[in-house]
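The values are calculated or read from the model by the stated rules, or taken from the named source; none is laboratory data. Please read all numbers here as calculations on a predicted model, not as lab measurements. Note: ideal-geometry Cβ built from the backbone for every residue, glycine included; neighbour counts use all protein chains shown.
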Amino acid sequence: MKKIAVLGYGVVGSGTVEILYNHKESIEKKIGESYEVKYILDLRDFPDSPYADKFTKSFDDIVNDKEVDIVVEVLGGVKFAYPYVKASLEAGKSVVTSNKELVAAYGAELLKIAREKDVNFFFEASVGGGIPIIRPLNQCLSANKIDEIAGILNGTTNFILTKMIKEGMGFDEALKIAQDLGYAEKDPTADVEGHDTCRKICILSALAFGKHVYPDNIHTEGITKITLEDVKYCESIGSVIKLIGYASEKDGKVTIMTCPAVIDGDSQLAGVNDVFNAILVRGDATGDVVFYGKGAGKLPTASAVVSDVIIAAKEKSTTRMMSWEDSEQNFIVPESEISNSFYVRANASKADVEKLFGNVRYLSRENAPSGEVAFITDVINEKTFAEKCSNIDVIGSIRVMNY
Ligand code: HSE
């Protein structure tokens, strides 16, 4: 009988236990063996839970119990998750995690320990919630050279942007609903400032291009500066604003960024709304492949966790399939050299705009105050764009992308 320990009984942890027990019979058939959740680690008390007898407040109970085969880490953060996951792997236990912060910061190291100990370290739920993306990227698409990945990778911000675009709802109200629905991180700053998307694109980039990308080294921008005015201007040309994480590889160098982007209303990512995520993977053999589904929430994320548990229970040494090298940062293209078109909203005359940016495409909105212009530039690199912007009164700018 397989014994499982679940670290954390929050949104994803409780969903994981729920699926493990609601679908026990069918999952046991898939594994070919029975299982039980032996421990649930949480500092809080759950006296009325049907699993009350399984709770412990001591990680030592788990790591020192030789019967525990699989540890599920759904604590979030790295303060406790990192030492607990590391100790579990070193104790010869397979680990399944939904923790993108952990994988983005320590993935290379933890995969190495798992290989040395011949156990599994799986993290399907760390990117895209319920969407299968880690294993498809690592296995089903492994015949390709991956040229590019671009995605809407954060359910909370996509939910907020959808409410702003479709209902004209204010930012704070939309965020509160996303929190109530259990989509947001404990500290939603990680969602709205883009850190969560950044961690996820770093994980996908490491898998696709084979080298660890540290989140602190890449440009990360969230959605807090997006206004309803920007939404309206973009609407006038049939475009929408989405928070995008993208990474592309050329000649051994990776271009990677997290930022809001103006994208065409007909593009594959434009119609991805609410808590849904979508990830476009461009392979040299497949062309574009798009993965779509619920990117956050209790049961979608728990679904990915439990699928990893099933594979970890069936196969002990599959981590060999999944790995990337730790790395220097010199394979990342410096931000100043990255080029895009830009949407700009400014207090300026058209003559000043054209003197700086040449021919631009102007946008309009109802009730725009006199003196305000909005326009889209030609493709220009970040450094030149910043220099030009220092010469006019820019209210806001957003990159324009073609996905
Ligand atoms: N806070 C994350 C999101 C949870 O909104 O996408 C799933 O990773």
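Descriptive notes on the structure:
- Selection status of LYS112, part of a helix (DSSP H, G or I), closer than 29 Å to PHE80 by Cβ, away from the ligand (no atom under 12 Å from the Cβ) and modelled with pLDDT under 95: yes
- All positions within the range 92-131 that are touching a residue at least 60 places away in the same chain (Cβ under 8 Å), of a type outside the set (Asp, Glu) and farther than 25 Å from LYS3 by Cα: ALA104, ALA105, ALA108, VAL127, GLY128, ILE131
- Any chance TYR233 is aromatic (Phe, Trp, Tyr), surrounded by 22 or more Cβ atoms within 10 Å (Cβ to Cβ), at pLDDT 95 or above and within 15 Å of the chain's Cα centre (by Cα): no
- Residues that are in a loop (DSSP other than H, G, I, E, B), of a type in the set (S, T, N, Q) and away from the ligand (no atom under 16 Å from the Cβ), drawn from the range 239-296: SER267, GLN268, THR286
- Applying a threshold of 6 Å to beta carbon distances and a minimum spacing of six or more residues, or different chains, the list of pairs starting in the range 277-298 at a residue that is free of Cβ contacts under 8 Å to residues at least 24 places away in the same chain and ending at one that is part of a strand (DSSP E or B) reads ASP288/LEU280; ASP288/ARG282; VAL290/ALA278; VAL290/LEU280.
- Residues in the range 256-273 that are within 17 Å of the chain's Cα centre (by Cα) and either surrounded by fewer than 18 Cβ atoms within 10 Å (Cβ to Cβ) or among the β-branched types (Val, Ile, Thr) (or both): ILE256, THR258, VAL272, ASN273.
- Filtered residues of the range 14-62 (kept if in a helix (DSSP H, G or I) and crowded, with 18+ Cβ neighbours inside 10 Å): SER14, GLY15, THR16, VAL17, ILE19, LEU20, ILE27, LYS54, PHE59, ILE62
- Checking ALA143, ALA125 one by one, the residue that is part of a helix (DSSP H, G or I), under 28 Å from THR255 (Cβ atoms) and small (Gly, Ala, Ser) is ALA125 and no other.
- Hey, VAL272 touching a strand residue (DSSP E or B) at 6+ places or on another chain (Cβ under 9 Å), at pLDDT 95 or above and not hydroxyl-bearing (Ser, Thr, Tyr) or not: yes
- Selection count where residues are within 22 Å of ILE241 (Cα to Cα) and either within 12 Å of the ligand (Cβ to nearest atom) or polar (S, T, N, Q) (or both), scope the range 199-214: 2
- The residue of the range 123-138 that is farthest from ALA108 (Cα to Cα), among those that are among the hydrophobic types (A, V, I, L, M, F, W, C) and within 16 Å of the ligand (Cβ to nearest atom), is ILE131.
Matching residues to (1) hydrophobic (A, V, I, L, M, F, W, C); (2) surrounded by 14 or more Cβ atoms within 10 Å (Cβ to Cβ):
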| position | (1), (2) |
| --- | --- |
| ASP352 | no, yes |
| LEU356 | yes, yes |
| ARG361 | no, no |
| ARG365 | no, yes |
| VAL373 | yes, yes |
| THR377 | no, yes |
| LYS388 | no, yes |
| ASN391 | no, no |
| GLY396 | no, yes |
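- Residue match in the range 321-335 (condition: part of a helix (DSSP H, G or I), within 29 Å of the chain's Cα centre (by Cα) and closer than 30 Å to SER26 by Cα): yes
Listed here are the residues, each with its yes/no results for (1) surrounded by 23 or more Cβ atoms within 10 Å (Cβ to Cβ); (2) near the ligand (Cβ under 9 Å from one of its atoms); (3) hydrophobic (A, V, I, L, M, F, W, C).
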residue	(1), (2), (3)
CYS140	no, no, yes
ILE160	yes, no, yes
MET164	no, no, yes
MET169	no, no, yes
ASP172	no, no, no
LYS176	no, no, no
GLU185	no, yes, no
THR189	no, no, no
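- Cross-chain or 6+ apart pairs with Cβ under 8 Å, the range 158-181 first and touching a residue at least 12 places away in the same chain (Cβ under 8 Å), then of a type in the set (Phe, Trp, Tyr) and surrounded by 17 or more Cβ atoms within 10 Å (Cβ to Cβ): ASN158/PHE276; PHE159/TYR183; ILE160/PHE171; MET164/PHE171; ALA174/PHE159; ILE177/PHE159; ALA178/PHE159; LEU181/PHE159
- The set of residues in the range 297-311 being small (Gly, Ala, Ser) and away from the ligand (no atom under 14 Å from the Cβ) consists of SER307 alone.
- Residue match in the range 78-95 (condition: buried (at least 23 other Cβ atoms within 10 Å of the Cβ) and at pLDDT below 95): no
- So LEU75, is it surrounded by 17 or more Cβ atoms within 10 Å (Cβ to Cβ) and more than 16 Å from the ligand (Cβ to nearest atom): no
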